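Trainee: After the C-alpha cells below, expect a handful of questions from me.
Just so it is clear, none of the values below were taken in a lab; they were calculated from the coordinates. As the structure is a prediction and not an experimental result, all values here were calculated from the model. Because the Cβ atoms are built from the backbone with ideal geometry, glycine has one as well, and the counts that use them run over all protein chains shown.
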C-alpha cells in the first residue's frame, strides 16, 4: 500500500503543476484527487476556484484564504464521502472548468470505469463542461473494471499515471502523443 500511496502523491504533484492562478477546477472524489487537494493546501494557487462533490477535498481546502471552494449538493454516498445524483448534476451544469481532475476505479483497453451510475453520469457531465479533462489513476487500476463505464480514452485530454508505457500497452491502452504524463 505504501507504493500505491507514493504513486498517488507523485501523480498529485504532476497534477498540481498543471494549475495556474485564476483557474476554476473540478476536483473529483477518490484518494488520488484528495492527494491533489493536499498539494494545493501545501502549495496554494492564488485566485483558484475549486468545485467538488467530495467532502474530504472541500474540508482540505476550506481554510485556504487564496482558494474559493464550492461544494455541490446531492445524495450522500457514504463509502466515498461524495455527493452524487440529480441535484449534483443540476449544480454542476452551472459551471465551466478550466481543468477537471477525475478519478477511476479501473482502467482497461476500452477506457475508465467507476462504481456508481450516478457517479459516472456526474463525471461525464463534468468532462463536457471542462476545457481540459485530466484522469488521475495509479497503476494498480490497470486491468480492473468496476460496474459502471465512465468514458473512453478520447474523453481525457491528459492521463496522469505512474504506469509505464509497457504496462499500458499490455492492457491494450494506447494514448495519443502528449496525452500521457508520467508521474
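Trainee: How many nm separate the modelled label positions at residue 115 and residue 90, each set 7 Å beyond the Cα in the direction of the Cβ?
Mentor: 2.7 nm
Trainee: Could I ask something else about it? Express as a percent, rounded to the nearest 5, the fraction of DSSP beta bridges in the chain (both residues included) that run antiparallel. Please report the intermediate quantities before stating the final value.
Mentor: On the way: 10 of 34 bridges.
That works out to approximately 30 percent antiparallel.
Trainee: Cα centroid distance between segment 34-72 and segment 92-157, in Å?
Mentor: So the two Cα centres are separated by 20 Å.
Trainee: Next question. For a footprinting-style exposure proxy, rank 69, 159 by other Cβ within 10 Å, fewest first.
Mentor: 69, 159
Trainee: Sort the following peptides by mean Cβ neighbour count (other Cβ atoms within 10 Å, averaged over residues), highest first: 113-119, 140-146. Could you put the intermediate results ahead of the total?
Mentor: Numbers: 113-119: 19.9, 140-146: 17.0.
Sorting 113-119, 140-146 by mean packing, highest first, produces 113-119, 140-146.
Trainee: Continuing with the same structure: Taking 0.36 nm per residue of sequence separation and subtracting the Cα-Cα distance, how much length would be gained by fully extending the chain between residue 59 and residue 23, in nm to one decimal? List each step's numbers first, then the result.
Mentor: Values: separation 36, 0.36 × 36 = 12.96 nm, distance 1.94 nm.
Separation in residues times 0.36 nm, less the Cα-Cα distance, equals 11.0 nm.
Trainee: Return the label of the correct value of Cα Rg over 2.2 N^0.38 Å, as calculated from the structure shown, out of (i) 0.94; (ii) 1.12; (iii) 1.26.
Mentor: The value computed from this structure is option (i).
Trainee: When a/c is below 1.5 the answer is rounded, else prolate if a/b is larger than b/c, else oblate, so apply that to segment 139-183 with a ≥ b ≥ c taken from the square roots of the Cα gyration tensor eigenvalues.
Mentor: Numbers: a/c = 1.70, a/b = 1.19, b/c = 1.43.
It is oblate, given that a/c is not under 1.5 and a/b is not larger than b/c.
Trainee: Need the full-extension length gain, residue 75 to residue 5, defined as separation in residues times 0.36 nm minus the C-alpha distance. One decimal, nm.
Mentor: Numbers: separation 70, 0.36 × 70 = 25.20 nm, distance 2.83 nm.
Gain on stretching residue 75 to residue 5: 22.4 nm.
Trainee: Continuing with this model, one more query. Among DSSP bridges having both ends in segment 1-96, what percentage is antiparallel? Round to the nearest 5.
Mentor: Details: 4 of 13 bridges.
Expressed as a percentage, antiparallel bridges in segment 1-96 total about 30.
Trainee: How would you classify segment 48-126 from its alpha-carbon gyration tensor, with a ≥ b ≥ c the square roots of the eigenvalues: rounded for a/c under 1.5, else prolate if a/b is greater than b/c, otherwise oblate? Walk me through the intermediate numbers first.
Mentor: Numbers: a/c = 1.63, a/b = 1.52, b/c = 1.07.
In terms of gyration-tensor shape, prolate.
Trainee: From the square roots a ≥ b ≥ c of the eigenvalues of the alpha-carbon gyration tensor of segment 83-164, which class results: rounded (a/c under 1.5), prolate (a/b over b/c), or oblate?
Mentor: Values: a/c = 2.37, a/b = 1.42, b/c = 1.67.
Taking the square roots of the gyration eigenvalues as a ≥ b ≥ c, segment 83-164 is oblate.
Trainee: With each run of n ≥ 4 DSSP H residues scored as -39500 (n - 2.57), what mean residue ellipticity at 222 nm is computed for the chain after dividing by its residue count and rounding to the nearest 500 deg cm²/dmol? Present the calculation step by step, with values, prior to reporting the outcome.
Mentor: On the way: 6 runs with 59 residues, N = 183.
Roughly -9500 deg cm²/dmol at 222 nm, from the helical runs in the chain.
Trainee: Just rank 31, 161, fewest to most, by other beta-carbon atoms within 10 angstrom. If you can, show how the numbers build up before the last one.
Mentor: Details: 31 15, 161 27.
The order, fewest Cβ neighbours first, is 31, 161.
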